Structures are given as structure tokens and as C-alpha cells.
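Scroll down for the structure; my scribbles are underneath it.
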Amino acid sequence: MALLYPRKIDLAQTPTPLQYLERASQKWGCGHRLWVKRDDLTGCTLSGNKVRKLEFITAHAIDNGYDTLLTCGGVQSNHCRATALAGAQLGLGVHLLLRGDAPGELDGNFLLDHLAGATVNCYDSAYFVREIDALFRQWQDHYGAQGHKAMVVPTGGSDGIGAWGYIAACEELLSDFSTAGIEQAHIVTATGSGGTQTGLTLGVALHQLPATVWGVNVCDNAQYFLDKVASDTADWQRLYPDAPAVAVEPRVLDGYVGQGYAIASQEVYELIGDLSRLEGLVLDPVYTGKAFAGMLAEIASGRFEGCRDIVFVHTGGIFGVFPQKSGFSRTVAAG
Ligand SMILES: *Cc1c(COP(=O)(O)O)cnc(C)c1O
């Protein structure tokens, strides 16, 4: 099946490695082999999953005459940081609308946003949730009045354009599977705005990758992500009517959000410490730490029985570790 991709701009260091976690498999695998797709290695400051989507999003922006990217997220958004840096690399203006009060300290992603020269506005959370659509329109009009053209990139870059990022990643996984001798696998990813899950779910179907994709939600609930994957898929089909029609079956592992988005439990901090020491692999407390914890709980409960291989997608997030440093105080031996 010939799949016609839209143009992309090479921003990500790909293909990323598929790495076997020997000691983690022994410790937590219950007979499964645990693998990690190292999408935390897509770049240094461009680390993580968002840059795969931005390869297609920035190409779309430039090909359609936009000179500015307007996007939004939490104060420590990885997506906003990646957009700020990609925009700077390509000579596009970047304006970030952030949910939450400005932190007293420049740290983590928020520091990198500023280093990359993005324009940053922070809004009170309740106001942001209520007014984000109006804010997008208002700033888009503002740029229009100045003779600029600003493209709105939705939360996480999750839409029909961004979906291509992980559709393309599934081609890498095809070749990874064959090198690693994986015949059938479960793929587990953190899901936050749904785009990575949408791309993987579509990509598995389009490329006939022998795998089942599971999103571990780090906010909202299962129904939210079933709907989000369906609507992102519909957006993709509407924008690219010549792409093959596929039926997608999104799957969500709910129950690991804890107290809420970006609030990790002590167990998650401890798991991050354990895995760092065991494998030299560092997860983040907002996304990958929670998703990995969810994956281990599902392994222990027998969810993946009958299938030897489990592939965890490490979607990045390293800069979210530092602003949450106080959470690790009980996990690391104090000097
Ligand atoms: C954004 C993000 C996710 C979730 O990806 P979505 O495509 O938004 O669902 C997972 N992990 C990290 C580190 C992220 O920054």
C-alpha cells in the first residue's frame, strides 16, 4: 500500500534506537521482553515526541505562507519548548500561550522557551481553559493586523497534520521489529493530547505493523482519549482524502493519572529513581514515569499475557524533571 506523505522538514534525529531492557525485563517483565523506543533521543533540546509532529507541522506552515507559530500548553509544556526551538531553527516567530501563573524561576522547558526567543504569555488556569479559543483568535488577528500570518498549532501539535509524525515512526518500528526479532508486540505510550497515540494507532494499521497500541492517559479519562483519537483521525482523513481508509481501534489504560496532570505520586518518583539506577534510563514525572508505572501494573495483572514483547515509547520530557526536583528528595541519597 503506497502511502503518500506530505512534505516534512528534517528536525528530528531519526531513526531512534529500539533498546532492550535486560535487567528491567528480569525485574518487572513477568516473562515478557521489555523494549524501549528511544524517542527521548530525537534531539538534545528537541528531545521527545513533539519534534516528530513538528516536522510536518512546520513544513505545512511554511508551504502555506505562515511566518509565525501560535500554540499553547502548560507552563512546563514540552510541546511549547519544542515549538519555540524548531521555530527559531527555521526562522519562524513563535508565540506561546501558557496555562498557569508565570513561575518565579526560569527553569526546565520554561527557561528554554525564553532562550529560544519565543513570546510568552502566562494566563491563570481557569481563565485559560475558558478563553483559549478566543485568545488564539485575538492573537491571530493581532499578527494579521501587523502584516504577519500566524498559524494556530493546537495543544501538543495533536491534529491531522501532526498525526503523520507517528505514522512515519511506525515505519521505523517495522524495521526495528525485524532487526530485534519481534513478531508481535504491545506498544505502550503516555497519552496527553492524544496525537502520539493517534499516529501510532493509524501507523500500525497503515503499515501492518504486528502490534497493539495502548495509551496510558496522564490526564482526563479513557473516554476522553477514545474520542480524541477518533476526532484526530477524522481530521487526518478530512485533510488527506487520498490516504487509505483505515479503521482505528484506540485502546486506553486508565487509572494511572493519580492526583492530576503533572502531579506524580511518591511511587512514580521512586520508580524513576529505580529505573535510572537499573538501566541508566531517566523518565519524567509528568508523562513517561506515570505511563511506565501503568505499564508495569498492567504487566503484573496479566494484561499482556500470550505476547512476549512489549515496547515502551520513551516520549521524552527530561526538562520536566528539573522543576520537580523536590519530588525526588526521598528517592536519591542525600549528600
Ligand atoms: C506531550 C508528551 C506526551 C504525550 O503525547 P501526546 O501526543 O500529547 O499525547 C508524552 N510524553 C511526553 C514527554 C510529552 O511531552
Segment 50-157, Rg to Rh (Cα coordinates; Rh as Kirkwood inverse mean 1/r)
0.94
Tensor-based shape of segment 217-256 (alpha-carbon gyration tensor, a/c under 1.5 rounded, otherwise prolate or oblate):
prolate
Of LYS27/LYS50; LYS50/LYS228; LYS53/LYS325, pairs whose Cα-Cα distance is over 20 Å
LYS27/LYS50; LYS53/LYS325
Please state the shape class of segment 157-198: rounded when a/c is under 1.5, otherwise prolate if a/b exceeds b/c and oblate if not, all from the C-alpha gyration tensor.
oblate
Taking the chain and counting helices only, DSSP H stretches of n ≥ 4 at -39,500 (n - 2.57) each over all residues, the nearest-500 ellipticity at 222 nm comes to -13000 deg cm²/dmol
For VAL216, what residues show an amide H to amide H distance below 5 Å, using hydrogens built from the backbone and excluding near sequence neighbours?
THR189, ALA190, THR191, LEU253
How far apart, in nanometres, would the label points at GLN223 and CYS30 be if each is projected 7 angstrom from Cα along the Cα-to-Cβ direction?
2.8
For segment 13-23, Karplus-derived ³J(HN,Hα) couplings (6.51, -1.76, 1.60; θ = phi - 60°; whole Hz; x for glycine and proline) come out as 7, 9, x, 7, x, 9, 10, 7, 9, 5, 6
In sequence order, calculated HN-Hα J values of segment 297-312 (Karplus, 6.51, -1.76, 1.60; Hz; x Gly/Pro)
5, 6, 4, 4, 8, x, 3, 9, 4, x, 10, 5, 9, 10, 10, 8
Over the Cα atoms of the chain, compute the convex hull volume and normalise it per residue, giving Å³.
134
What percentages make up the Cα-Cα pair-distance distribution of segment 293-335 when the bins are 5 Å wide from 0?
5, 16, 17, 15, 16, 14, 12, 5, 1
Mind telling me which of THR212, THR191, THR83 comes out most flexible in a GNM of the chain, alpha-carbon contacts under 10 Å?
THR212
Alpha carbon Rg of segment 147-300, scaled by the compact-globule rule 2.2 N^0.38 Å:
1.10
Between GLN208 and TYR5, the FRET efficiency computed from the C-beta separation at R0 = 22 Å comes out, to the nearest 0.05, as 0.85
Calculate the dipole size of segment 93-170 relative to its Cα centre from +1 charges on Lys and Arg beta carbons and -1 charges on Asp and Glu beta carbons; express the result in debye to the nearest 20.
280
For VAL120, list long-range residues whose amide hydrogen, built 1.01 Å from N in the peptide plane, is under 5 Å from its own amide hydrogen.
LEU96
Let me have the relative contact order for segment 218-335, percent, based on Cα pairs under 8 Å that are six or more residues apart.
26
If you look at just the Cα atoms of segment 182-258, how large are its Rg and its Dmax in Å?
12.4, 41
Going 7 Å from the Cα of ASP254 along its beta-carbon direction, which residues of segment 206-234 have the amide nitrogen within less than 15 Å of the resulting point?
215-230
Which residues' amide hydrogens lie under 5 Å from the amide hydrogen of GLN13, considering only partners 5 or more residues apart or on another chain, with H built in the peptide plane?
GLY43
Separation of segment 92-120 and segment 12-88 by C-alpha centroid, Å?
18
Provide the per-residue ³J(HN,Hα) series for segment 56-73, in order, calculated from phi with Karplus coefficients 6.51, -1.76, 1.60 and θ = phi - 60°, each as a whole number of Hz, with x at glycine and proline positions.
7, 5, 5, 5, 4, 4, 5, 5, 10, x, 7, 10, 9, 10, 10, 9, 9, x
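Read-outs throughout are calculated quantities, based only on the coordinates presented, and are distinct from any laboratory measurement. From a predicted model like this one, the values you see are computed outputs, not experimental measurements. Every residue, glycine as well, gets a Cβ built from its backbone with ideal geometry; the counts of neighbours run over all protein chains shown.
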